[in-house]
Amino acid sequence: MTEHVLDLIYLASSVLFVFGLKGLSSPESARRGMNLAAVGMLFAVIGTLLRKEIITFEWIVIGLTAGSVIGALMAIFMPMTAMPQRIAISHAFGALAATLVGIAKYIEHGNDLGSGLMSAIGFEVFFGALTITGSFMAFCKLQELVKGAPITYKFQNVTNISLFIVTFAIFIYLIFDPTAQPLFYLMLGLSLAIGVLMVLPIGGADMPVIVSLLNSYAGLAASATGFAIDNKVLIICGALDGTSGFFLSILMSRAMNRSFANVLFGAVGAVRSDAAAQTGEAKTVVRYTAEDAAYILERAQSVIIVPGYGLAVAQAQHALQELANILMSHGATVRYAVHPVAGRMPGHMNVLLAEANVPYDLLLEMEEINEDFQNTDVALVIGANDVINPAARYKKDGPLYGMPILNVDQARTVMVVKRSLGAGFAGEDNELFYDKKTMMLFGDAKKMVMELVQTLKA
Amino acid sequence: MSEIIDYTYILVLGGFLGFEVIRRVPPTLHTPLMSATNAISGISLVGSLVVAGKGHDTLSTILGTVAVTAATINVVGGFMITDRMLKMFKKLDKKGRS
């Protein structure tokens, strides 16, 4: 097949990918869109297999088969709560592919690399390698293979930034002297180390930002691969992936009130360590039972449910939807208010609720629903804390200050289902829990919601 | 060098296109979006295939084969899991019950 035909096939694939992403602008068109994108992928792969440079197929078949089996098994059996881990590890796979292609290209060209090609390969390996280990670390943290809490030590930022600068300097040197092989492998090693060090100080609550950011890095590495191997479809896909990750990390950092510079250098989480020292004066909390809460819920005309990650941890989504259905059958309007960082990655909570058969039109974003809390009888908060903490509005020296929150405190009654009175990730005490209109329901989210269901049914 | 410029054009314009398309994705679909872009960026498979099948030297072939495996995991797994998620998104039916 001639190069031109192949180029046209790649163009068709690129167009189909863009249509695929366009489909995602609404849940109704999303599946059709993704099918188009899958067709595009099939075109690109078949077209590539017909290239005359490819002379042996045995290794290709082995790779394709192994990858398909592993990919399919992961896709079929993975629980939706593990979605952030899966995304993190798949960034590692994507970056691994890009990096290995870069290394192979470097080996193949030996000493006759031009500076243009070398800068592409260098960038690819640099960003690819740090994305591999960074994503793998994120995966380990999310999967709780390593401690999820931030790991910090003295001079951490200084060390990380200097290491980054040194690696970047090596990269620049290589562009002018591609023959310096030991330096190439030193750069590879340093980049792998940077990935690990970058993610060490990141805590569980900051994962949405870092996972999005690694998505962007994986895209950049893919784009660089396109430069290195003269492949335009790779450049386009890398650009799509890169901007998507970039866009999401901006959204996430905004939702958590972090500056973008803070995010870019992966220094998120580091600011948190000093915040935990909040001491609550002897404030009293009134404990309520499920019966008390059911009494109020039965009479409520409007209820807004605020789900947090604690809900997913307790696996209470299905029980919660049963509760919502009972309330709706009593004639109440029930809606869900989803904070952008309610889950462990962008949109995670929406997927978890969709899995529990919550229709997506009941899920409202913060901007859509925040005005409605003041006209709402009951705000039912389950497993969320920082995203409803009023201290974010006024407490200027607090760790949450400036973070957009859900106006739960404006509802007539606030019910909070929580395991204990412990502070949230930010370590800031939540005054809302001591408010007179707040009913604290202590216990496991799933048990408590099921008790509410039982009581309301009786 | 002129190729590098051409490619930079593609990269920059592709980035803008991506931004415009992705801006319109509602937050409720952000997780499927991430797994979708993940599947699509598995297109690095086309680069890996050439490295694995070129028969340049043993090391390159091994690197290529591992790259093919990794990229295929993303392509196959990515499209399948995105579809699995999108299947779950349902609208409220007329009676107002889910």
Q: Any chance you could count how many residues in the stretch A:311-358 are under 22 Å from the mean Cα position of the chain (by Cα) and of a type in the set (Asp, Glu)?
A: 1
(Q) Can you find, within the stretch A:156-184, the residue that is surrounded by the fewest Cβ atoms within 10 Å (Cβ to Cβ) among those that are touching a helix residue (DSSP H, G or I) at 6+ places or on another chain (Cβ under 9 Å), free of Cβ contacts under 8 Å to residues at least 24 places away in the same chain and not β-branched (Val, Ile, Thr)? (A) A:Asp177
Q.
If the requirement is being closer than 23 Å to A:Lys232 by Cβ, among the basic types (Lys, Arg) and not assigned by TED's automatic domain parsing to the domain that holds A:Gly226, which of these qualifies: A:Arg51, A:Arg31?
A. A:Arg51
(Q) Which count do you get for residues in the stretch A:93-136 that are over 20 Å from A:Ile175 (Cβ atoms) and crowded, with 24+ Cβ neighbours inside 10 Å? (A) 10
Q: Scan the stretch A:326-338 and report the pairs whose first residue is of a type in the set (Gly, Ala, Ser) and whose second residue is surrounded by fewer than 16 Cβ atoms within 10 Å (Cβ to Cβ), with Cβ atoms within less than 6 Å and a gap of 6+ or a chain change.
A: A:Ala332/A:Gln301
Q: With the checklist (1) under 17 Å from A:Arg299 (Cα atoms); (2) surrounded by fewer than 22 Cβ atoms within 10 Å (Cβ to Cβ) in hand, flag the one item A:Leu452 doesn't pass.
A: (2)
Q: Please go through the stretch A:13-70 and pick out each residue that is free of Cβ contacts under 8 Å to residues at least 24 places away in the same chain and polar (S, T, N, Q).
A: A:Ser25, A:Ser26, A:Ser29, A:Asn35, A:Thr56, A:Thr65, A:Ser68
Q: Considering (1) facing chain A (nearest Cβ under 7 Å); (2) part of a helix (DSSP H, G or I); (3) not acidic (Asp, Glu), say which one B:His56 fails and leave the rest.
A: (2)
**Q.** Given (1) buried (at least 18 other Cβ atoms within 10 Å of the Cβ); (2) closer than 20 Å to A:Asn231 by Cβ, index of the condition A:Val15 fails
**A.** (1)
Q. Any idea which of (1) in a helix (DSSP H, G or I); (2) at the interface with chain A (Cβ under 7 Å from one of its Cβ atoms) is the one B:Thr8 doesn't satisfy?
A. (2)
Q: Quick one: in the stretch B:59-68, of everything that is free of Cβ contacts under 8 Å to residues at least 12 places away in the same chain and facing chain A (nearest Cβ under 7 Å), which residue is surrounded by the fewest Cβ atoms within 10 Å (Cβ to Cβ)?
A: B:Leu59
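Filter the stretch A:386-398 down to the residues that are in a loop (DSSP other than H, G, I, E, B) and not charged (D, E, K, R), then identify the one that is farthest from A:Phe433 (Cα to Cα).
Among those that are in a loop (DSSP other than H, G, I, E, B) and not charged (D, E, K, R), it is A:Gly398.
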Q. Yes or no: A:Leu406 touching a strand residue (DSSP E or B) at 6+ places or on another chain (Cβ under 6 Å), surrounded by fewer than 22 Cβ atoms within 10 Å (Cβ to Cβ), at negative phi and not in a helix (DSSP H, G or I)?
A. no
Q.
Which numbered condition in (1) surrounded by 15 or more Cβ atoms within 10 Å (Cβ to Cβ); (2) under 23 Å from A:Thr413 (Cα atoms); (3) more than 14 Å from chain B (Cβ to nearest Cβ); (4) touching a helix residue (DSSP H, G or I) at 6+ places or on another chain (Cβ under 6 Å) is the only one that A:Lys283 fails?
A. (1)
Q: Name every residue in the stretch A:324-364 that is under 23 Å from A:Pro84 (Cβ atoms) and either β-branched (Val, Ile, Thr) or part of a strand (DSSP E or B) (or both), in order of residue number.
A: A:Tyr336, A:Ala337, A:Val338, A:Val341, A:Val351, A:Val358, A:Leu363, A:Leu364
(Q) What's the total number of residues in the stretch A:382-403 that are in contact with a Gly (Cβ under 9 Å, 6 or more places away or on another chain) and crowded, with 19+ Cβ neighbours inside 10 Å? (A) 12
Q: Evaluate the stretch A:303-323: report whether one residue or more is in a helix (DSSP H, G or I), in contact with a Phe, Trp or Tyr (Cβ under 7 Å, 6 or more places away or on another chain) and more than 9 Å from every other protein chain (Cβ to nearest Cβ).
A: no
Q | Yes/no for A:Gly269 being surrounded by 14 or more Cβ atoms within 10 Å (Cβ to Cβ), more than 14 Å from chain B (Cβ to nearest Cβ), closer than 19 Å to A:Gly427 by Cα and at pLDDT 80 or above | A | no
Q.
For the stretch A:46-63, give me each residue that is within 17 Å of B:Ile73 (Cα to Cα), surrounded by fewer than 17 Cβ atoms within 10 Å (Cβ to Cβ) and either facing another protein chain (nearest Cβ under 7 Å) or in contact with a His (Cβ under 6 Å, 6 or more places away or on another chain) (or both).
A. A:Ile62
(Q) Out of everything in the stretch A:74-87 that is assigned to a helix (DSSP H, G or I), within 17 Å of the chain's Cα centre (by Cα) and more than 10 Å from chain B (Cβ to nearest Cβ), what residue ends up being surrounded by the fewest Cβ atoms within 10 Å (Cβ to Cβ)? (A) A:Ala82
Q: Scan the stretch A:388-404 for residues that are touching a residue at least 24 places away in the same chain (Cβ under 8 Å) and more than 14 Å from every other protein chain (Cβ to nearest Cβ) and jot them down.
A: A:Ile388, A:Asn389, A:Pro390, A:Ala391, A:Ala392, A:Lys395, A:Gly398, A:Pro399, A:Leu400, A:Tyr401, A:Gly402, A:Met403
Q.
Given the criterion assigned to a helix (DSSP H, G or I) and surrounded by fewer than 19 Cβ atoms within 10 Å (Cβ to Cβ), identify the matching residue among A:Ala66, A:Ala38.
A. A:Ala66
Q. Can you tell me which residue in the stretch A:203-233 is nearest to A:Met256 (Cα to Cα), limited to those that are free of Cβ contacts under 8 Å to residues at least 60 places away in the same chain and polar (S, T, N, Q)?
A. A:Ser216
Q.
Checking A:Ala193 against (1) at pLDDT 80 or above; (2) surrounded by 21 or more Cβ atoms within 10 Å (Cβ to Cβ): exactly one of these is not met. Which one?
A. (2)
Q) Mind checking whether some residue in the stretch A:375-385 is in a loop (DSSP other than H, G, I, E, B) and without any contact (Cβ under 8 Å) to a residue 60 or more places away in the chain? A) no
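The values are calculated or read from the model by the stated rules, or taken from the named source; none is laboratory data. It should be emphasised that the depicted structure is a prediction, and the values quoted were computed from it without experimental measurement. FYI the Cβ positions are ideal-geometry reconstructions off the backbone, even for glycines, and counts take in every protein chain you see.
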